Amino acid sequence: MSLISYSKLLEDEYQDKLDEEGKIFVQFINKSAIRMQNLIFGLSQLARINKREDISLTDISNLMQEVKDDLSSIINKYNAIITFENLPSIICYPTYIRLLFQNLISN
């Protein structure tokens with residue numbers, strides 16, 4: 001089990017036994033563990049990037065739609081609304097731009 005699972009279990013099982021300070025501590029553990037999970041995910045994504053990836057003309061609207069699709073569960077969980085239209089095509093490292101948008105949306 002992960003830290004997130006254990007902290008959620010602690011919160012669920014002992015909610016009525018924790019005082020307000022204890023509840024705050026458990027919430028802090030949950031939020032910190034989620035941030036750490038996101039950081040680890042971002043680092044693993046960065047490690048997968050081929051450092052020799054070529055710069056290419058990238059349609060940012062298409063890339064954003066792919067990112068939005070990839071993060072749909074997080075977006076839905078928080079009832080977030082992500083809108084964009086008529087984004088340009090740019091010459092860039094597509095993987096880095098994808099990670100940029102993924103991190104902006106997930107954080």
I'd like the accessible area for LEU9, computed on protein heavy atoms only with a 1.4 Å probe and all protein chains in place. Round to 10 Å², please. 80
Computed Rg/Rh for the chain (Cα atoms; Rh = Kirkwood radius) stands at 1.12
Could you work out the relative contact order of the chain, using alpha carbon pairs under 8 angstrom and six or more residues apart, expressed as a whole percent? 29
Could you tell me the number of lysine pairs in the chain with C-alpha atoms less than 25 Å from each other, where the two lysines are 8 or more residues apart or belong to different chains? 11
Charge dipole (the chain, unit charges on Cβ, about Cα centre) - positive-most of GLN27, SER7, ASN38: ASN38
Within the chain, helix-based [θ] at 222 nm, where runs of 4 or more DSSP H residues each add -39,500 (n - 2.57), nearest 500: -21500 deg cm²/dmol
At 7 Å along the Cα-to-beta-carbon direction for both LEU3 and LEU104, put a label point, then send me their distance in nm to one decimal. 2.8
Mind grabbing the accessible area of THR95 for me, 1.4 Å probe, Å², rounded to tens? 50
Among ILE24, ILE90, ILE75, which one shows the highest mean-square fluctuation when the chain is modelled as a Gaussian network with alpha-carbon springs under 10 Å? ILE24
At 1.4 Å probe size, what's the solvent-accessible area of LYS17? Round to the nearest 10 Å². 150
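The values are calculated or read from the model by the stated rules, or taken from the named source; none is laboratory data. Source: prediction; values computed, not measured. With ideal geometry, Cβ positions are generated from the backbone for all residues, glycine too; neighbour counts draw on all protein chains shown. Just the protein is used for accessible areas: all its heavy atoms, side chains included, with ligands, DNA and RNA removed. Shrake-Rupley method; radii C 1.70, N 1.55, O 1.52, S 1.80 Å.
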